[in-house]
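Just below is one structure, and these are the notes that go with it.
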Amino acid sequence: MVLLSLLVGCGGLAKGVLGLACNWGLQSTHPLPPNIVVKLLKDNGFKKVKLFEADPGALKALGRSGIEVMVGIPNDMLASLASSVRNAEAWVQQNVSNYISKYGTDIRHVAVANEPFLHTYKDMFVHTTFPALQNIQAAIIKAGLGKQVKVTIPLNADVYQTDSGLPSGGNFRPDIYDLMINIIKFLQDNGGPLTINIYPFLSLQSDPNFPKEYAFFNNTASPLVDGSIVYTNVYDANFDTLISALEKNGFGQMPVIIGEVGWPTDGDPSANVNNARRFNQALLNRIIQGQGSPKRRTPPEVYVFSLVDEDNKSVQPGNFERHWGIFNYDGSIKYPLDMGNGRPIVAAKGVKYLARQWCVLSPSASISDPSVAQGISYACEYADCTSLGYGSSCGNLDVRNNASYAFNMYYQTMNQRKDSCSFNNLSVVTTVDPSQAPCRFEIMIDIGKHELAPSHNKSSAARIPSLISALMLVLALVICGVY
């Protein structure tokens, strides 16, 4: 039966469908337990995941899960890794070799840095990124993992540009041109892909004159004509600008991964559930159908950004930064999605919450009391109030409910401590849900109630069925002509 079901799926394998992949961010005050996240990934058909840091809990939980892992190195570690190959060897031993050998974590890529050449960084990482990449590659080879684990650098799409305004005019930024060529040549020589983050949402959000429809797939926008190619959306046009840059410089066959692409649901007038659902569903359809771009028909690996919301992310780029998840912070569903073949999106299971109670402004409190404004300011300094912004899901609350939202976010962030709902005696705890659609008053995950992830170590007897399944898979792939 296993073999039969695999053979039925040969068509999808032959078309080069790469499976679903996503980013798993960990900057949350109340993160989902790693074992619940891994189950969430598997339940929704994700085969690959990208981590922005080598988080021990996540890497252990991913062990023997059947999910391929790209593990990231934060920018603040680049100087240390660039300065010493020994530092790189120690990092690889601790964060790659260790999890592969002890936990069976299927690490396939190490992502050195994250968008290190952004204009906003003002060359902060220009001199350390490439040496760090070289040292990590040397350390991977020394660890005997050169065939299994490949290096890459997730780059923002601002590393390339087009002076003509057309994808065919694409080339790399003059200020980092030589560096980009050296990096790409190094990646090519070592079998590593180039990773690029593309954000149609940011194209729309940052430019008031940007045609909204062009940010989406299946739209009514006026197309962009580039010679014989017609572009109907900015995602394809952006990607092919990169492909043109690669072709111009002799790297036409360079493998490319889309490291991040998605749409947020809050924190900006354009960031809402309807837009996010429209964009992400069309994106998933492209991935599932194995659709490439006009210049490169072979589909790239695409990592959806992101799996869950992160209430502790920096909001320097905008309040929307905390709302990229296709799930809420607790793994609950934001909006319906077809994850392929009519399979609906599935919520996280086994999540435990704090008590069903909220902190709100007391009915007896006067909104003219200056302590109310002070309390809101204090609460939002330590908790996430990004949903209160203009055009956001809670942006239309009146003053009383605005204060209640801020007080409650602080109360929940502080794990409902008794002293966290005082605010100069202006607040009270209630068991009546104050949420007003679309504004949701949160109750946080009870981190203390969650047990550690169960061990993934199995007895040899328990591994036999898995071994048989693996052999069946190989046999089916051979029959399908994939190998």
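The residue pairs whose first member lies in region 131-144 and is open to solvent by 10 Å² or more (accessible area, probe 1.4 Å), whose second member is of a type in the set (D, E, K, R), and whose beta carbons are closer than 7 Å, counting only pairs six or more residues apart or on different chains, are LYS142/GLU89. Can you work out which of the residues in region 85-97 that are open to solvent by 30 Å² or more (accessible area, probe 1.4 Å) and not charged (D, E, K, R) is nearest to the chain's Cα centre (by Cα)? Among residues in region 85-97 that are open to solvent by 30 Å² or more (accessible area, probe 1.4 Å) and not charged (D, E, K, R), the one nearest to the chain's Cα centre (by Cα) is GLN94.
Give GLY262, GLY290, GLY267 a once-over and let me know the one that is farther than 15 Å from PRO167 by Cβ, more than 18 Å from the chain's Cα centre (by Cα) and of a type in the set (Gly, Ala, Ser).
GLY290
Please go through region 402-421 and pick out each residue that is out of contact with any helix residue (DSSP H, G or I) (no Cβ under 9 Å at 6 or more places or on another chain) and surrounded by 15 or more Cβ atoms within 10 Å (Cβ to Cβ). Break it down stepwise before answering.
As a first pass, look at region 402-421 and keep what is out of contact with any helix residue (DSSP H, G or I) (no Cβ under 9 Å at 6 or more places or on another chain): 404, 416, 418-419.
Residues satisfying the conditions are SER404, GLN416.
Among the numbered conditions (1) open to solvent by 50 Å² or more (accessible area, probe 1.4 Å); (2) assigned by the TED database to the domain that holds ASN44; (3) at pLDDT 95 or above; (4) farther than 15 Å from GLY262 by Cβ, the only one that GLN316 does not meet is (3). A Cβ distance below 9 Å, combined with a sequence gap of six or more or placement on separate chains, defines the contacts here; from region 196-221, residues that are open to solvent by less than 10 Å² (accessible area, probe 1.4 Å) reach residues that are modelled with pLDDT of 95 or more and among the basic types (Lys, Arg) in the pairs PHE216/ARG278.
Pick from region 34-51 the residues that are buried (at least 21 other Cβ atoms within 10 Å of the Cβ) and in contact with a strand residue (DSSP E or B) (Cβ under 8 Å, 6 or more places away or on another chain): which of them is nearest to LEU337 (Cα to Cα)? By that ranking, first place goes to ASN44. Hey, could you check region 105-120 for residues that are open to solvent by 30 Å² or more (accessible area, probe 1.4 Å) and touching a residue at least 12 places away in the same chain (Cβ under 8 Å) and say which is farthest from the chain's Cα centre (by Cα)? Applying the filter and picking the extreme gives HIS119.
Kindly indicate the residue of region 245-256 that is open to solvent by less than 10 Å² (accessible area, probe 1.4 Å) and under 13 Å from LYS185 (Cα atoms) and also farthest from the chain's Cα centre (by Cα) among those meeting that condition. Per the stated criteria, the residue is LEU246. For PRO208, the conditions (1) modelled with pLDDT under 95; (2) touching a strand residue (DSSP E or B) at 6+ places or on another chain (Cβ under 6 Å); (3) not polar (S, T, N, Q) all hold with the exception of (2). Among the candidates SER306, SER366, the residue that is assigned by the TED database to the domain that holds ASN402 and assigned to a loop (DSSP other than H, G, I, E, B) is uniquely SER366.
For region 173-191, check the following and say yes or no: at least one residue is in the same structural domain as VAL126 (by the TED database), of a type in the set (Gly, Ala, Ser) and surrounded by 15 or more Cβ atoms within 10 Å (Cβ to Cβ).
Restricting attention to region 173-191, the residues satisfying the condition of being in the same structural domain as VAL126 (by the TED database) are 173-191.
Narrowing the set further to residues that are of a type in the set (Gly, Ala, Ser) leaves 191.
Next, from what is left, pick out any that are surrounded by 15 or more Cβ atoms within 10 Å (Cβ to Cβ): none.
No; the residues of region 173-191 include none that is in the same structural domain as VAL126 (by the TED database), of a type in the set (Gly, Ala, Ser) and surrounded by 15 or more Cβ atoms within 10 Å (Cβ to Cβ).
Among the residues of region 333-387, those that are within 25 Å of ASP268 (Cα to Cα) and surrounded by fewer than 13 Cβ atoms within 10 Å (Cβ to Cβ) comprise PRO336, SER377, GLU381.
Residue-wise test of (1) touching a Lys or Arg at 6+ places or on another chain (Cβ under 9 Å); (2) under 22 Å from SER306 (Cα atoms).
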| residue | (1), (2) |
| --- | --- |
| LYS47 | no, yes |
| LYS60 | yes, yes |
| MET70 | yes, yes |
| ILE73 | no, yes |
| LEU78 | no, no |
| ALA111 | yes, yes |
| MET124 | no, no |
| PHE130 | no, no |
| LYS142 | no, no |
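Against the definition (surrounded by 18 or more Cβ atoms within 10 Å (Cβ to Cβ) and of a type in the set (Gly, Ala, Ser)), how does GLY259 come out, yes or no? So GLY259 fits the description; yes.
Listed here are the residues, each with its yes/no results for (1) assigned to a loop (DSSP other than H, G, I, E, B); (2) within 26 Å of the chain's Cα centre (by Cα); (3) charged (D, E, K, R).
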{"site": "ARG356", "(1), (2), (3)": "yes, no, yes"}
{"site": "GLN374", "(1), (2), (3)": "no, no, no"}
{"site": "LEU397", "(1), (2), (3)": "yes, no, no"}
{"site": "SER404", "(1), (2), (3)": "no, no, no"}
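Output the residues belonging to region 265-302 that are over 21 Å from VAL49 (Cα atoms), of a type in the set (S, T, N, Q) and open to solvent by less than 10 Å² (accessible area, probe 1.4 Å). Passing the criteria: only SER293. Summed over region 210-240, the residues that are within 23 Å of the chain's Cα centre (by Cα), under 12 Å from PRO294 (Cα atoms) and of a type in the set (Ser, Thr, Tyr) give a count of 1.
The values are calculated or read from the model by the stated rules, or taken from the named source; none is laboratory data. Bear in mind that the values here come from a model prediction, so they are computed numbers and not experimental data. Every residue, glycine as well, gets a Cβ built from its backbone with ideal geometry; the counts of neighbours run over all protein chains shown. Only protein heavy atoms, including side chains, enter the accessible area calculation; ligands, DNA and RNA are left aside. Shrake-Rupley method; radii C 1.70, N 1.55, O 1.52, S 1.80 Å.
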